[in-house]
Amino acid sequence: MKRLHATLLAAVALASIPMAAQAAYPDRPIRLVVGFGAGGGADNVARALADAMGRSLGQTVIVDNRPGAGTTLAAGTVARAPADGYTLMMLTSTNTISPSMYKSLSYDAATAFSMVSTVARGPLLIAVPKDSGIRTLADLLARARQAPGKLNYGAGGVGTTPHLAALVLQRDADVRMAHIPYKGGSETATALVGGQLDVQFGTPPAVAPIASRANVLAVTTARRTPLAPGVPAAAETVKGYEVTSWYGIGGPAGMPPEVVGTLSRAVHAALADERLRQQFTLLGVEAAPSSPAQADRLYTEELARWAEVVRSEGLQSDQ
């Protein structure tokens, strides 16, 4: 009985301590889940950001790679985690494509996450072999119109951001080319310069190793970018065309506003670090901080946009 009485007194005393006197967030390491394997673009961005955020927060941010099912396995893990700010996700363009690709998900993509901030944005590049005789995007589209479906292109796997960027360009320009899936950007680039492909849609790091043997025709962002100096925007040829590869940070829905605020400030502080910005440049992206509301708007708009493309192109899987 004495032990029970002492325990109750301790509980009452603890409850009476003001919240400010209790452990402040974060008081232990934070897990940053990435839906891709180690060494890829999302992983590299996540690791660079995790180091810088850790310095700002005074806690370690641990990158946890959980690849599979177009990032939906990782997203489900985060969606089911406690909304306490200790499990976060590196969200990417793919996270807004995959929910429409799969018939059955363990989470509701529209409501599963509290957005913290966008992190980075970057272009995709449209490239052709140097000996193709194609010098501009207009040249490529003219050749595609002359022989519908004859030209082939690589853009990673089915349902990737480069793949959908290619589909949107074809729809906007009223042309049709044949997609040949590859596991990743480096394999696609090798196939391009090896004569197996006519066109590649890929990230700057994927295309960079073959740049001397390829003509880069355009970037997919709305305007030209210093990440690809001198390369025109595709929108200069196909009015209104734009596909941007982006990264952001989010956590389970329902994270407390003060936790979201702490994380948002940490992201912004990290992205102001010149060392991080230089790392991002090498990864083919630019730092792009935002408010939580702006990040949520981007995520919501991209979900709707890609759902329409997936439906119209018949890309939904049987899973």
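The values are calculated or read from the model by the stated rules, or taken from the named source; none is laboratory data. The shown structure was predicted, so the numbers you read here are calculated from the model rather than taken from an experiment. Reconstructed Cβ throughout: ideal geometry from the backbone, glycine too, with neighbour counts over all protein chains shown.
Is it fair to say residue 157 is over 27 Å from residue 277 (Cβ atoms), without any contact (Cβ under 8 Å) to a residue 40 or more places away in the chain and not polar (S, T, N, Q)? So residue 157 passes the test. If I ask for residues that are among the hydroxyl-bearing types (Ser, Thr, Tyr) and either surrounded by 21 or more Cβ atoms within 10 Å (Cβ to Cβ) or within 30 Å of residue 201 (Cα to Cα) (or both), which ones from region 240-290 would you list? Answer for region 240-290, where residues must be among the hydroxyl-bearing types (Ser, Thr, Tyr) and either surrounded by 21 or more Cβ atoms within 10 Å (Cβ to Cβ) or within 30 Å of residue 201 (Cα to Cα) (or both): 241, 244, 245, 247, 281, 290.
Being in contact with a Leu (Cβ under 6 Å, 6 or more places away or on another chain), under 21 Å from residue 141 (Cβ atoms) and free of Cβ contacts under 8 Å to residues at least 40 places away in the same chain, is that true of even one residue in region 178-190? The answer is no; no qualifying residue exists.
Among the conditions (1) over 11 Å from residue 34 (Cα atoms); (2) assigned by TED's automatic domain parsing to the domain that holds residue 287; (3) touching a helix residue (DSSP H, G or I) at 6+ places or on another chain (Cβ under 9 Å), the only one that residue 82 does not satisfy is (3). Just one residue in the set 248, 261, 284, 240 is without any contact (Cβ under 8 Å) to a residue 60 or more places away in the chain and in contact with a helix residue (DSSP H, G or I) (Cβ under 9 Å, 6 or more places away or on another chain); that residue is 261.
Set side by side, the residues 106, 93 differ, and just one is touching a residue at least 24 places away in the same chain (Cβ under 8 Å) and surrounded by fewer than 22 Cβ atoms within 10 Å (Cβ to Cβ), which is 106. For residue 45, the conditions (1) closer than 19 Å to residue 254 by Cβ; (2) buried (at least 18 other Cβ atoms within 10 Å of the Cβ) are fulfilled apart from (1). Going residue by residue through region 97-119, is there one that turns out to be outside the structural domain of residue 266 (by TED's automatic domain parsing), of a type in the set (A, V, I, L, M), under 22 Å from the mean Cα position of the chain (by Cα) and closer than 19 Å to residue 241 by Cα? Taking every residue of region 97-119 in turn, none turns out to be outside the structural domain of residue 266 (by TED's automatic domain parsing), of a type in the set (A, V, I, L, M), under 22 Å from the mean Cα position of the chain (by Cα) and closer than 19 Å to residue 241 by Cα.
The sole residue among 24, 50, 69 that is without any contact (Cβ under 8 Å) to a residue 24 or more places away in the chain and either more than 19 Å from residue 262 (Cα to Cα) or more than 19 Å from the chain's Cα centre (by Cα) (or both) is 24. Would you check which residues across region 63-74 are under 14 Å from residue 42 (Cα atoms) and touching a helix residue (DSSP H, G or I) at 6+ places or on another chain (Cβ under 7 Å) and list them? Of everything in region 63-74, those that are under 14 Å from residue 42 (Cα atoms) and touching a helix residue (DSSP H, G or I) at 6+ places or on another chain (Cβ under 7 Å) turn out to be 63, 65, 66, 70, 71.
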